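Trainee: Below you'll find the structure I mean.
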Amino acid sequence: MSRRIIKDGAVVSMDPDIGDHQRADILIEDEEILAVETDISDAGAETIDASNAIVIPGFVNAHLHAYQSLFRGIIGDWTLHDYVENVHGPIDAELRPRDMYLGNLFSLYEQLAAGVTTVFDFCHSINSPEHADRAIDAHEDAGIRAVFAHGPPNGTGNREKWHDNSDLTHPEYVRDLREGRLSDDDSRVTLGMAVRGPDFSSQEVAEQDLALAQELDVPVSMHAGVDMYESYDTDGLLELLDDGLLGPHTSLVHGNSLTAEMVNRLADNDVPIIVTPEIELQLGYEWHSVGPMLEAGRGPSLGSDIVCNVAGELFTQMRMALQTQRALDNVDRIERGERVDSLTVDARSALEWVTTNAARDIGLDDRVGSLTPGKRADITLISTEDINTLPGHDPVETVVFQANPSNVDTVIVGGEVLKADGELVDPLYPDLETEFREAADRLLTASGVTR
């Protein structure tokens, strides 16, 4: 057995029974947190000095398309139509299985470097079983904890068949994965499903896909609740809800156009909504759904979404979601000429959106999301010695308002140190950088998409 002690850190546990500690130790044995206490002694344990760090649960990214790191730097000025027509058209059509591996690997290292220890990878361009296998290889090689959400094919030709009010049910290979490679729910990489829902498939197909997810007992996610989608269908969502096909492990991504009544109904049934604030602002999805969700009594979780468009890290997403919600809550006062004398949402809430809430919404809250004894040792240390985090008076505010990925000193996943002293430990990507660049250039050239 390996034992480690994270020593003398400013601990933000995100567990109300444990609370925060100005100075505390965390004892780890193998993959598990054993204790969060002051002055833990264990002569045989390796010690990690956290005396100049804030210790938090590893961030949980509840929604991203990891393979898209291959297309970074080309869509920052694109609309939703541009993105769909180009990325989900000719670019995705050119994806090779090796490209899927490279895109995922580089993206997942970006996540780890930024303090993210768990991702829900909505992989919706699985153009063959081999594409899925190579994506899973990347998750395993990176060492991150992941729900690999298996999706249908995409790209020119495939998109028309699989995403435009499709009558094709989810590819059967997901069943092979569940019965084979991803059958163990205790492994670091587990299976989920990325389904199209009633906005992108027929109602019958949406029902069959969700029934399959229930049969396979895997978490599932779908893009929904955005009236910019050509087949925006809240009636279909209500049918799914009434039929018992939506619940705690069936997350809806975005949900910007849902009425308050609909959000309340979803919250009453513990249906998660994943917010990706930066992407939603750019693509014109209306204001994010943080406010309606808070009013309904169920806070959101956050994802970075389209990683070829925005950075995959979550510090920015936290701040964007929090500050835009504060602004929205103050609009009426400002229009009445009143002084803004209070804020409606605090920093700790924003931290919940990328820890406890996100773990809950992707079905892993029994394992991650808080520094709770018995959970996996997925832990991030943020330096308070850097120029932008000194003096670190309030740990929560420092993480939410001041920190960025450069301040992430140490990242531990399942007791394994994957980043130390600000550097990733033995990453594979340096040896693959040339191949990654060549694959990215080939995809753009072959697809005819210009930078």
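Please treat every number below as a calculation from the coordinates, not as lab data. Remember, it's a predicted structure, so these values are computed and weren't measured experimentally. Virtual Cβ from ideal backbone geometry, glycine too; neighbours counted across all protein chains shown.
Trainee: What whole-number distance in Å separates the alpha-carbon centres of region 191-267 and region 360-397?
Mentor: Taking the Cα centre of region 360-397 as reference, the centre of region 191-267 is 31 Å away.
Trainee: Ok, one more. Go ahead and run the numbers for FRET between residue 442 and residue 82, Cβ-Cβ distance against an R0 of 25 Å, rounding to 0.05.
Mentor: Approximately 0.75, to the nearest 0.05.
Trainee: Measure off 7 Å from each Cα along the Cα-to-Cβ vector at residue 179 and residue 287, then give the distance between these two points in nanometres to one decimal.
Mentor: My value for the distance between the label points is 5.0 nm.
Trainee: How about region 299-350: which GluC sites (Glu not before Pro) there lie in a loop by DSSP and see at most 12 other Cβ atoms within 10 Å?
Mentor: 338
Trainee: From a point 7 Å beyond the Cα of residue 421 in the direction of its Cβ, which residues of region 18-54 have a backbone N at a distance under 18 Å?
Mentor: 46-53
Trainee: Under 8 Å for C-alpha pairs, at least 6 residues apart: give me the relative contact order for the chain, rounded to a whole percent.
Mentor: 21
Trainee: Further question: What FRET efficiency would be calculated for the residue pair residue 366, residue 333, taking the C-beta separation as r and a Förster radius of 35 Å, to the nearest 0.05?
Mentor: Once rounded, the FRET efficiency stands at 0.25.
Trainee: Quick one: check the C-alpha center-to-center distance for region 82-117 versus region 322-356, whole angstrom.
Mentor: 33
Trainee: Once phi is turned into θ = phi - 60°, what whole-Hz ³J(HN,Hα) does the Karplus curve with 6.51, -1.76 and 1.60 give for every residue of region 183-200, x standing for Gly and Pro?
Mentor: So the Karplus estimates, Gly and Pro as x, are 7, 8, 6, 9, 6, 5, 10, 10, 9, x, 10, 9, 9, 8, x, x, 6, 10 Hz.
Trainee: Given the C-alpha centroids of region 165-184 and region 402-421, what is the distance between them in whole angstrom?
Mentor: For region 165-184 versus region 402-421, the Cα centre distance is 34 Å.
Trainee: Karplus couplings for region 411-417 from phi (6.51 cos²θ - 1.76 cosθ + 1.60, θ = phi - 60°), rounded to Hz, Gly and Pro as x?
Mentor: My calculation for region 411-417 gives 10, 10, 10, x, x, 9, 6 Hz in order.
Trainee: Convert each backbone phi in region 273-280 into a coupling constant with the Karplus relation 6.51 cos²θ - 1.76 cosθ + 1.60 (shift: θ = phi - 60°), then list the ³J(HN,Hα) values in order as whole Hz, x for Gly and Pro.
Mentor: 10, 9, 9, 10, x, 5, 5, 5
Trainee: If you don't mind, there's one more thing I want to ask. Based on other C-beta atoms within 10 Å, arrange 398, 156 from fewest to most.
Mentor: 156, 398
Trainee: Give the lysines whose C-alpha is closer than 24 Å to that of residue 375, dropping any in the same chain fewer than 8 places away, or say none.
Mentor: Once the sequence-local lysines are set aside, what remains near residue 375 is 7, 419.
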